Each structure stands twice: as structure tokens, then as C-alpha cells.
Amino acid sequence: MINLKHPFNLWLFLFAVWLMLSGHYTPLLLTLGLLSTLLVVFIAARAELIDQEMQVVLIKPGVLLYWFWLAGEIVKANIDVCRRILDPRLPISPRMIRVRATQQTELGRVTYANSITLVPGTVTVSVEGDMFTVHALTRETAEDLKGGELDRRVQDVEQRF
Amino acid sequence: MYSIATILILVAIAVGLVRAFRGPTLFDRVMAGNMIGTLTVLLVAVLGFMNGRPEFLDIALVYVLISFVSTIAVLRVYVSRHGDPDSD
Amino acid sequence: MQYLVDIVLLGLLMITGFAIVRMRSLLAVTMLTSIYSLFSALLFVVLDAVDVALTEAAIGAGISTILLLATVALTTEYEKVPGHRSLLPLLVVTLTGAALIYGTLDMPHYGDPNAPVHRHVAPEYIEDTPEEVGVPNVVTSVLASYRGYDTLGEVTVIFTAGVGVLALLGVHLRKRTEQPHDYKMLVVLRVIAKLLFPLILLFALYVLFHGDYGPGGGFQAGVIFATGFVLYALTHGLGNAERVIPPALLGVLAAAGVLLYAAVGIEGMLLGGKFLEYNVLADDPVSGQHLGILLIETGVGITVAAVILIIYFGFVSRRPGGADAQDPS
Amino acid sequence: MLDMLLDILSWILLLGGALFLLTGAIGVLRFPDFYSRLHAVSVCDTLGAGMVLLGLMLQGGLTLVTVKLMLIFYFMVFSGPTAVHALAEAAQVSGLDPVEDDPEDG
């Protein structure tokens with residue numbers, strides 16, 4: 001599996017993005033694409049950005065499963081939040097909770113934090129080390145999050161980046 | 001169909017704009033601006049399809065990237081300056 | 001349908017404009033200004049002015065918001081309540097507005113094929129572009145080729161603006177007090193910015209080199225490129241950003257872009273053509289045009305990106321926590 | 001037949017997505033405090049945007065247009081939650097307190 005830690009692989013990835021954007025495959029534009037991607041890799045290297053964390057932009061089979069699962073959760077949560085928006089009889093009971101993230105790496109924690117935010121009903125407010133402060137819209141979403149399934153799944157996917 | 005989607009998104013933008021005017025805190029306004037940004041991206045995409053000019057998508061792409069940076073900028077400037085939320 | 005969208009967007013624009021006038025908190029005004037430019041960009045999209053819409057998207061919603069914020073951070077956050085009555089100004093504005101509206105009554109309708117603008121040089125640009133310049137995007141051929149002199153002038157103006165900001169604010173090379181903990185807190189922002197930064201830069205270059213085919217060109221590309229660096233500076237600290245692209249280099253780049261543009265013009269003269277005549281740059285005129293446009297767009301992009309970063313660094317480096325805002329130097 | 005089915009599906013996605021966007025906007029207007037409004041923004045950013053873009057992708061078919069829509073979606077997935085998180089964090093740092101229901105068991 002390619003690893004974006006290596007500048008060459010980052011270049012390959014960027015060139016693929018270029019091809020997707022461009023749509024014009026003449027020698028001139030391909031050369032310009034080559035130069036552009038090289039320039040970007042050079043700047044990224046100067047900025048010391050090329051490391052393991054770049055990995056998350058890749059879509060790999062193991063990670064893809066996680067995204068699909070998350071998409072399902074997002075749809076469910078969306079329907080719940082929308083019902084609460086539209087129906088005044090369904091109450092909201094907002095609260096702040098703190099959860100502990102069990103991921104090892106910073107990237108894992110960021111994935112967890114952003115996954116929490118992506119699911120409507122919970123928003124990551126702050127990240128201090130492995131303690132997250134999360135704002136939950138209702139008691140149920142808070143309990144759900146504390147149940148820790150999301151945390152486990154992110155921890156699992158963390159190994160696959 | 002595109003027209004109905006366009007109208008719905010325009011109404012959503014107008015509703016979001018009300019929140020941007022009302023505030024009450026700066027963060028509410030930034031939030032509304034951010035949401036209107038997302039809606040604009042989608043509206044540009046839908047309009048591109050409606051007028052048969054999908055090259056509009058480049059504009060939508062620029063928006064996604066740029067509006068993110070400006071949201072971050074507001075928050076960084078504000079937090080580096082202040083302690084208390086602005087209520088006007 | 002078209003008219004409905006036009007009218008709704010114009011209405012939203014007007015309401016936002018009024019709200020901006022009424023508000024006293026300058027940060028709130030900045031936010032609304034960025035929303036305002038979202039609407040005007042949408043309006044440009046509806047009017048099929050794709051290049052302008054892209055420019056408005058990149059500048060109005062992005063860099064001008066950021067620069068306004070930097071200004072607010074340097075000055076004050078609330079507008080003073082005016083001490084005088086605004087009745088006379090209101091009268092003047094109303095009269096001027098009425099006069100302008102009266103003036104529009106004589107103007108041709110929107111899209112009227114007999115309007116003077118559509119009968120002068122515009123048809124020639126549109127009809128001759130395919131064979132003379134050979135790029136699908138007429139806006140690019142007009143800006144970069146037919147009216148290359150104007151664009152050179154504009155780039156020089158931008159360069160001058162950069163020089164002006166440098167002269168006024170200077171680049172403070174003194175050691176700034178960076179607070180490393182400030183950036184440690186931003187884990188999520190930092191990681192996501194790290195991922196988006198190369199993609200923003202790449203997208204800017206894509207916009208630069210595809211100006212011939214779709215919306216875009218050197219100006220927009222420069223702005224997007226600079227915005228990428230602003231994101232990096234916001235999330236990784238100004239010190240790091242200045243290490244990646246030193247302010248001294250920015251000055252050189254700003255000048256280099258203009259020089260590249262002018263050099264293309266002079267090269268045309270050396271090869272026996274006129275100033276900024278691209279036809280002579282290659283064996284056949286169309287590929288000469290292509291090459292010329294590509295080079296000058298690159299020049300424009302370099303200058304714009306460098307000048308915007310000079311302005312941004314100039315503003316932000318004066319503000320270690322806003323303490324030296326009153327510094328009269 | 002398949003074409004028609006895809007067409008119908010794409011209309012459903014497009015209109016459904018637009019409705020979700022509107023719902024999210026109403027939520028931003030209706031919810032009582034800043035933090036709960038953030039959840040409504042999430043509705044727009046996720047399902048609303050996703051459905052509209054997916055609907056357009058089905059209209060675009062297997063072309064470069066679809067690829068660009070995917071790129072837009074991809075950027076949104078990264079930038080949307082990050083912006084919301086940054087907003088929430090900035091609000092908390094500046095001392096904006098949330099309205100809480102029975103905070104003692106939270």
C-alpha cells in the first residue's frame with residue numbers, strides 16, 4: 001500500500017488529483033501539471049508537512065468501510081436532528097460532556113474529533129490531550145457517544161491509515 | 001427540478017441570513033456565514049447544471065477551500081485578541 | 001426562473017448592504033461583507049460571468065475578509081457613533097441615486113444586441129479569437145492578448161500597492177514572541193490544514209494553467225495560492241510561514257512577476273514584432289499566442305501571490321497581541 | 001429503464017438534499033443557543049450537501065464533472081467539521097456558556 005510519507009508518493013497522489021481536475025491531456029498541460037505538482041511537493045517538504053498524517057487523504061479499502069459505517073450513522077443522526085428542528089414537541093436537552101479518546105496518534109484523535117462533529121447531534125468543542133469536550137444536543141446522543149462504539153471504530157481504523 | 005432545488009436553497013440562504021443579522025454573538029454570525037458559504041457552493045453547482053455549464057464547478061471548488069480559510073481567520077483573530085464574547 | 005433568481009439575489013444583496021451600514025461592530029461587519037461577496041459572486045454566476053465570479057469568490061470571500069480582519073485587529077473593533085445628523089448626506093445620496101437611475105432610463109436593455117458595447121470591438125474579439133488567439137475562453141484572450149497593455153498596467157498597480165504597503169508598514173524582521181502553546185492547542189486545525197495546504201496550492205496552479213479553457217487565470221490563481229499560505233500561517237504560526245517563504249524572497253518575486261510580463265513584451269520586439277505581440281514568439285502565430293498568454297499569466301500570478309503575502313505579513317507582523325497597535329512608528 | 005430509474009433517484013436525492021438544507025437553516029434560526037445551532041449547521045454540511053452532490057453526480061454520469069463533484073464533497077468532509085469545531089472552540093475559549101439541561105448528570 002502506498003504511503004504518503006514518501007515525497008514521491010505525495011507527488012503521485014497530487015498528480016492524480018491534477019489529472020482529475022484538468023480534463024485536458026495535451027503534452028503542454030501534462031508538462032505544466034508535472035511542474036506544478038513538483039513545485040507543490042517542494043513547498044510541502046519545505047513546510048515540513050510530509051509525514052504519516054498525510055495518509056488520511058487516501059481512500060483505502062479498510063478505511064472505506066469505516067467511512068461507509070460513519071455515513072450510515074450520519075444519516076440516522078441527521079433524521080433525528082431534523083425531526084427535532086421541525087417538530088417543536090420533540091425537546092432538545094443540550095449538554096456538555098467529556099469523553100476520553102483512546103487513540104494513540106494525533107491523527108487518530110483528529111479523525112475521532114472530526115467524526116464526532118460530522119455526526120449531527122454531537123460537536124467536538126475542545127481537544128486537550130486525550131480528553132474531548134463535546135456538546136451534545138440530547139441525552140440520547142450523549143449516551144450514544146459515551147457508549148464508545150465510535151471511539152473503538154476509529155481506534156481500529158487508525159491502524160490502517 | 002433544478003428550479004425547485006434552486007428555490008429551496010435560496011430560501012435556506014435567506015433564513016441563514018436572518019441568523020447572521022440577529023447574531024447575537026459574533027460566533028453566530030460566523031456560523032451563519034459558514035453555512036451560507038456551504039449553501040452557495042451547492043447553489044453554484046446546481047446552477048451550473050441548470051444552465052448546462054458544469055465548468056461552474058471550479059468556482060464551487062474555490063469556495064469550499066477559500067471560505068474554510070476565512071472562517072479560520074476570523075476565529076484566530078478574535079480569540080487571539082479577546083476573552084469575552086461580543087454581544088451587540 | 002432566471003429573473004426570479006436575479007431578483008432574489010439582488011434583494012439579498014441590498015438587505016445585506018443595509019445591515020452592514022447599520023452595524024457598529026466591525027468584526028460583524030467583516031463577516032457580513034464576506035456574505036455580501038458570496039451573493040455578488042452568485043449573481044455573477046447567474047449572469048454567466050464565470051471569470052468575474054471566480055475572482056469574487058477568491059477575493060471577496062477569502063483574501064479581502066482576511067485583510068479586513070487584519071486591519072480590524074490593528075485598529076479598533078467598534079465604529080464610533082457619529083456625532084452629527086446624517087440628514088444632509090442622506091439627501092445627497094438620494095439625489096445622486098435618483099440621478100443615476102434617471103440616467104439608466106436611456107441605457108439599452110440588458111443583453112440588447114444593438115447596444116453600443118456589443119457593436120464596437122466586442123464582436124471582433126468574439127469572432128476573431130478562435131483563429132487569431134486560439135483559446136476557447138474569450139475573457140482570457142481579451143485580457144491577456146488583445147488588451148495585454150492594460151493588464152500589464154494593472155499588474156504594475158498591484159506591484160506598486162505591494163511596495164506601498166512595504167514602505168508604510170515595513171517587514172518587521174525583529175524576533176516575534178511566538179507562543180508555541182497557542183498552536184499546540186489547535187490539533188484538529190493543524191492536521192486538517194496540513195492536508196488541505198498542498199491541495200489548495202495545487203488547485204491554484206490548476207486555475208493558473210487552465211485559464212485558457214475555463215474560468216481563471218493568473219490573478220485568481222495568485223490569490224488562491226496566497227490564501228493557501230495564509231492558512232498555513234494561521235495554523236502553524238507566522239514564524240514557520242516566514243521560514244517557508246522568506247519576506248525578502250516575496251519582494252523579489254513580486255518584482256519578478258512584473259518583469260516576466262514585460263520581458264515577454266520585449267522579447268516580442270526583439271523577434272521583430274511589436275511590444276506584447278505574441279504571434280512572433282513561436283513558428284505559427286496561434287502557438288505563439290498560447291505561449292505568450294501562458295507566460296504573462298504566470299507573471300501575473302507570481303506578482304499577485306507575492307504582493308498579497310507581503311500585505312498580509314506586513315499587517316499581521318505588527319501585532320504581537322495587538323499591543324503595538326498604538327505604536328506611532 | 002435503468003436510465004429512468006437513475007434519473008428519478010437523482011431527482012429524489014437533489015430535492016431531498018435541498019429539503020435537508022432548508023431544515024438545517026431553520027434549525028440555525030430556531031435553536032435556542034449557539035452550541036445547539038452548530039448541530040443544525042452539521043445537518044447542512046453532511047446530509048444536505050451530500051445528497052445534493054450525489055444527485056448531481058447521477059446527472060453527470062461517468063464524466064469529469066462527476067469527479068469534480070466528488071472532489072467538492074471530499075473537501076467538504078475535511079473542512080466542514082473542522083470549521084464547526086473551530087467555531088465551537090473559539091466560542092468556548094472566549095467564555096460563551098452553553099444553555100444546559102440538567103448539567104449535573106451530563
Is segment D:88-97 home to any residue that is out of contact with any Leu (no Cβ under 8 Å at 6 or more places or on another chain), buried (at least 24 other Cβ atoms within 10 Å of the Cβ) and at the interface with chain A (Cβ under 10 Å from one of its Cβ atoms)? yes
Among the helices (runs of 4 or more DSSP H) lying completely within chain D, list those that include at least 2 residues that are β-branched (Val, Ile, Thr), closer than 30 Å to residue A:89 by Cβ and under 19 Å from the mean Cα position of the chain (by Cα). D:2-30, D:34-43
Just the residues that are within 20 Å of residue C:16 (Cα to Cα), among the small types (Gly, Ala, Ser) and more than 7 Å from chain D (Cβ to nearest Cβ), please, taken from segment B:1-21. B:14, B:20
Can you give me the number of residues within segment C:46-68 that are more than 23 Å from residue C:232 (Cβ to Cβ) and either touching an Asp or Glu at 6+ places or on another chain (Cβ under 9 Å) or outside any helix (DSSP H, G or I) (or both)? 5
Check off (1) surrounded by 10 or more Cβ atoms within 10 Å (Cβ to Cβ); (2) outside the structural domain of residue C:23 (by TED's automatic domain parsing) for residue C:58 and give me the number that stays unchecked. (2)
Tell me, which residue of segment C:61-75 that is under 24 Å from residue C:214 (Cβ atoms) and crowded, with 21+ Cβ neighbours inside 10 Å is nearest to the other protein chains (Cβ to nearest Cβ)? C:62
Within the set of pairs 6 or more residues apart or between chains, which connect a residue that is more than 15 Å from residue C:259 (Cβ to Cβ) inside segment C:141-163 to a residue that is surrounded by 15 or more Cβ atoms within 10 Å (Cβ to Cβ) and polar (S, T, N, Q) with Cβ atoms less than 7 Å apart? C:141/C:129; C:143/C:151; C:144/C:151; C:145/C:289
The helices (runs of 4 or more DSSP H) lying wholly within segment A:90-161 that contain at least 2 residues that are polar (S, T, N, Q) and either farther than 21 Å from residue C:189 by Cα or in contact with a helix residue (DSSP H, G or I) (Cβ under 7 Å, 6 or more places away or on another chain) (or both) are A:106-118
Considering each of C:28, C:73, C:41 in turn, give the residue that is at pLDDT 85 or above, in a helix (DSSP H, G or I) and touching a Lys or Arg at 6+ places or on another chain (Cβ under 6 Å). C:28
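This table checks each residue for (1) touching a residue at least 12 places away in the same chain (Cβ under 8 Å); (2) loosely packed, with under 11 Cβ neighbours inside 10 Å.
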site	(1), (2)
C:11	no, no
C:38	yes, no
C:44	yes, no
C:86	no, yes
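The values are calculated or read from the model by the stated rules, or taken from the named source; none is laboratory data. Values in this document were obtained by computation on a predicted structure and should not be read as measured data. Positions of Cβ are backbone-derived with ideal geometry, glycine not excepted, and every protein chain shown enters the neighbour counts.
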